[in-house]
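J.: Sharing a structure, written as structure tokens. Questions coming.
The values are calculated or read from the model by the stated rules, or taken from the named source; none is laboratory data. Just so you know, these numbers come straight off a predicted model, no measurement behind them. Cβ: placed from backbone, ideal geometry, glycine included. Neighbour counts: every protein chain shown. With ligands, DNA and RNA removed, areas are computed over all heavy atoms of the protein, side chains included. Shrake-Rupley method; radii C 1.70, N 1.55, O 1.52, S 1.80 Å.
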Amino acid sequence: MFNDIGALELVTLVVLAVLVFGPDKLPKVIQDVTRTIRKIREFSDSAKQDIRQELGPEFKDFEFEDLNPKTFLRKQLDNDDLGLKEIRNGFDLKKEMAEVTDAVHGRESESSSGTSSSSGSTGGRIDMSKKPEAPAPDDRPPFDADAT
């Protein structure tokens, strides 16, 4: 709960508490605060238990932490039923990047070394720059129903 509070901040909070409440009332204030926190936790646990009972036996494994979108997605993506681990393991990023690098530098990669290279008039280089195609004079632009 207080993971980001350092020693200096903690000492400052204690000194402020002593100054605000006084050394006489500080123990009673601490007891009241801890009692209130305990009651809130009990109320929360009771409400969770009531909700689980009302949902029925098919939701006995329901966890309220799963309502957090990050937790829900992490739990669903770690599930082996989807086969995402096989897809992730089958994708070789180093090989793909090597092929792209070879294509940019005009070299043949290992996978395409058996096939013939189309060197054309560029001397074996591939033009990777994006050039917009000029539309024909009689071509109409595509109709976009959402734009009108």
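J.: Among all residue pairs at least 6 apart or on different chains, which show Cβ distances below 6 Å where the first residue, located in the range 97-110, is surrounded by 11 or more Cβ atoms within 10 Å (Cβ to Cβ) and the second is at pLDDT below 85?
T.: Within 6 Å, the pairs are Glu99/Ser109; Asp102/Ser109; Ala103/Ile126; Gly106/Gly124; Gly106/Arg125; Glu108/Ser117.
J.: Given the residues Glu99, Glu133, which is the only one that is modelled with pLDDT under 75 and among the acidic types (Asp, Glu)?
T.: Criteria check complete, one pass: Glu133.
J.: Here's something else I'd like to know. Report, by residue number, each residue of the range 38-84 that is modelled with pLDDT under 80, over 22 Å from the mean Cα position of the chain (by Cα) and not in a loop (DSSP other than H, G, I, E, B).
T.: Once the filter is applied, which keeps residues that are modelled with pLDDT under 80, over 22 Å from the mean Cα position of the chain (by Cα) and not in a loop (DSSP other than H, G, I, E, B), the range 38-84 yields only Phe59.
J.: Residues that are on the phi < 0 side of the Ramachandran plot, among the aliphatic types (A, V, I, L, M) and at pLDDT below 80: does the range 103-112 have at least one?
T.: no
J.: Also, I was wondering about something else. Looking only at residues in the range 10-29 that are at pLDDT 90 or above and in contact with a Phe, Trp or Tyr (Cβ under 9 Å, 6 or more places away or on another chain), which one is most open to solvent (accessible area, probe 1.4 Å)?
T.: Selected residue: Lys28.
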